[in-house]
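Please treat every number below as a calculation from the coordinates, not as lab data. Everything quoted here is computed from the prediction, not taken from an experiment. With ideal geometry, Cβ positions are generated from the backbone for all residues, glycine too; neighbour counts draw on all protein chains shown.
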Amino acid sequence: LETKKVLGISFVHSNMNQLTDELHERIKDSKKTFVVTANPEILKLAGSQPSYKKTIQSADYVIPDGIGVIVASKLVGSPLHERLAGFDLMTQLLSLANDHSYRVFFLGAKPEVIEDAVHNIKKKYPHIDIAGYHHGYIDENDQSIVDEIQKKEVDLVFVGLGFPKQEEWIANHLSLFKKGIFIGVGGSFDVWAN
Ligand code: UDP
């Protein structure tokens with residue numbers, strides 16, 4: 001997949017179909033993958049906090065989420081042409097998971113929110129193999145969620161802890177997993193819960 005460097009971060013410089021196809025290949029190959037959906041707020045924090053920037057740079061894919069990222073890329077003379085919305089990517093991946101009965105885990109949001117979100121996702125995508133879900137108010141050192149994702153050999157893990165928590169959680173735990181696409185989804189569970 002083509003990438004382009006903006007402010008020291010390599011962004012996916014492609015369209016949603018190609019991105020989804022490539023992620024699908026990685027699911028089939030059981031290739032562990034870290035996806036960041038970078039909105040302007042994430043970029044701003046990366047600009048002021050070197051450790052967070054390193055975390056973002058360690059991702060396999062960083063997608064330009066938000067028109068502000070496209071505008072910023074033009075201002076620094078490295079124009080990205082297409083905005084890839086994180087919520088749209090999540091929808092594409094859920095649809096893919098539904099078509100192939102992939103195993104999915106959902107982590108994040110308040111207890112009642114994640115419950116409603118998973119309920120609604122289940123209704124819309126009945127063939128997804130839901131490995132489990134957990135709210136996002138967890139202890140950073142809690143091993144039980146890691147163990148569950150690991151044991152169930154989950155294909156896709158959606159992490160909605162808000163930034164920077166979600167990227168840090170993924171980066172801190174990634175080495176403990178054998179496979180899985182890990183993607184930070186911000187407040188998306190709140191949207192699914194409605
Ligand atoms: N959240 C969480 N654990 C936390 C803090 C936040 O699960 O410790 C959840 C929160 O409930 C919400 C999501 O993270 O569902 C996104 O929060 P916010 O809207 O603040 O972040 P953004 O969407 O801007 O990344």
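Within straight-line reach of K178, meaning a Cα separation under 17 Å, sit the following aspartates and glutamates at least 8 residues removed in sequence or on another chain: E25, D29, D60, D147, E148, E153, D155. Ranked by the mean number of other Cβ atoms within 10 Å per residue, highest first, peptides 34-47, 133-146, 79-92 order as 34-47, 79-92, 133-146. From helices alone, the chain scores -13500 deg cm²/dmol at 222 nm; the rule is -39500 (n - 2.57) for each run of n ≥ 4 DSSP H residues, then divide by the residue total. Between rounded, prolate and oblate, where does the range 83-194 land on the alpha carbon gyration tensor, with a ≥ b ≥ c its root eigenvalues, rounded for a/c under 1.5, else prolate if a/b exceeds b/c? Here the range 83-194 falls in the rounded category. All alpha carbon pair distances within the range 15-132 were sorted into 10 Å bins beginning at 0; the resulting P(r) in whole percents reads 12, 36, 35, 15, 2.
Could you tell me the relative contact order of the range 31-182? Use alpha-carbon pairs under 8 Å, at least six residues apart, and round to a whole percent. Reported relative contact order: 27 percent. Remark: relative contact order (the range 1-101) = 30 percent; criterion is Cα-Cα distance under 8 angstrom and separation of 6 or more residues.
Note down the net charge around H81, summing +1 for each Lys or Arg and -1 for each Asp or Glu among other residues with Cβ under 10 Å from its Cβ. Numbers along the way, then the final one.
Working: positive: K4, K74, R83; negative: E82.
Net charge around H81: +2.
Considering only beta bridges that DSSP places wholly inside the chain, some 15 percent are antiparallel.
Once the convex hull of all Cα atoms in the range 108-174 is built, its volume per residue stands at 84 Å³.
Between the range 1-65 and the range 68-89, the C-alpha centres lie 12 angstrom from each other.
When the chain is fully extended, how far beyond the present Cα-Cα distance does H127 get from E168, taking 0.36 nm per residue of separation?
Details: separation 41, 0.36 × 41 = 14.76 nm, distance 3.03 nm.
That works out to 11.7 nm of additional length.
Based on the Cβ-Cβ distance from I138 to S175, what FRET efficiency comes out when R0 is 22 Å, to the nearest 0.05? Write down the numbers at each step before the final one.
On the way: r = 19 Å, r/R0 = 0.84.
E between I138 and S175, to the nearest 0.05, is 0.75.
Of all aspartates and glutamates in the structure, the ones whose alpha carbon falls short of 20 Å from that of K53, not counting any fewer than 8 places away in one chain, are E41, D65, E140, E167, E168.
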